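Remarks on the structure that follows.
The values are calculated or read from the model by the stated rules, or taken from the named source; none is laboratory data. All figures in this text were calculated on a predicted structure; none of them were measured in a lab. So basically every Cβ, Gly included, is an ideal-geometry build from the backbone, and we count neighbours across all protein chains shown.
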């Protein structure tokens, strides 16, 4: 095994690989007269120049950060410690006169621009895109109208527009993030970007509202069972540029999912939701129901019969709530109880022999027949070879063994699909 601590070439190769492929693990490279040619890393966004450079060498250095990379990178940044801007302009002019014909045109197009001016343009573009997305929302475009347009108040399973709304939400998440990032870039130096104090305050309020809406839609729709609202970099931008007053806890969902919050807090969970969502009990109930329903659907392959029962219980609770047949506090407690059972993945009453999640899943899906469950479990453990998943020959052998116990091919198919989700088999 190569020792990266003593092998210089191996260390350099690994560092460059991480910089290209895993930029979160290798964010900064410091080099001297290196990597100016033959090195392509589209993720590279900033280049810090602290040596005298000119002409061909300077042009090559700039091109290292001029490749686009996904939606979050529109251009590269040149941080100049040697006042080389005039040299940069000269290098670009020389290119247009033929001195740099060997370079790709894509590297040169729009090579140099003012960061502040570009930030101002990007802010207006992001703002227009955001409000364009909200144009079709019915007036007065309050939380209720926004949730109805992007989410499914009656549950997305029964919503004929569910797929279209899912596409709308993806656009909302993308454009909300773009608007927040664009505002953060301008907030560094608003005057240089052509933004006065009055406009800055207006944009700040709009971005706060934008983030609040994204928060509410994500929760209400159940799009993210893990409700960490923002990646660390986005949280930093929001903390730095959006909320300038004394910090206030608006939600405890940064490090805990809505599902976990309901399971642990019960009725008290309502008080810890974001303000944009807890304005009405209807919105809170719909958000919880959508999240529980998505969890049930996601986990169904693990134990279909069990989660089918959980789905029926959820449907019954929703009906009682809508029919006013159950008090709101009691509804929240029953939902919390349901969530705890759903998260456990199985019921509470099993024979003593049902000692593992896999056996419990088989028991639930074999008519709660203990003898049949033990026979199938033994057949799987004695026949399934390492790596049987995805191996047609090994899977065929397992199917033949199960067919000796089960009545039909369909029954075998069902059991195979269940045990795929259980690592114990």
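I'm trying to understand the selection: among the residues of segment 408-425, which are part of a loop (DSSP other than H, G, I, E, B) and in contact with a helix residue (DSSP H, G or I) (Cβ under 6 Å, 6 or more places away or on another chain)? Give the derivation first.
In the first step, residues of segment 408-425 are kept if they are part of a loop (DSSP other than H, G, I, E, B); the result is 408, 421-425.
The answer is 421, 422, 424, 425.
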Counted residues, segment 339-377 - those being closer than 21 Å to residue 259 by Cα, in contact (Cβ under 8 Å) with a residue 12 or more places away in the chain and outside any helix (DSSP H, G or I): 3
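Go over the candidates 330, 349, 337 one by one and state the one that is closer than 16 Å to residue 295 by Cβ and at pLDDT below 90.
The match here is 337.
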Matching residues, segment 386-407, being assigned to a loop (DSSP other than H, G, I, E, B), under 18 Å from residue 374 (Cα atoms) and at pLDDT 90 or above: 404, 405, 406
Extreme residue, modelled with the lowest pLDDT, among residues of segment 18-32 that are under 12 Å from residue 43 (Cα atoms) and assigned to a helix (DSSP H, G or I): 24
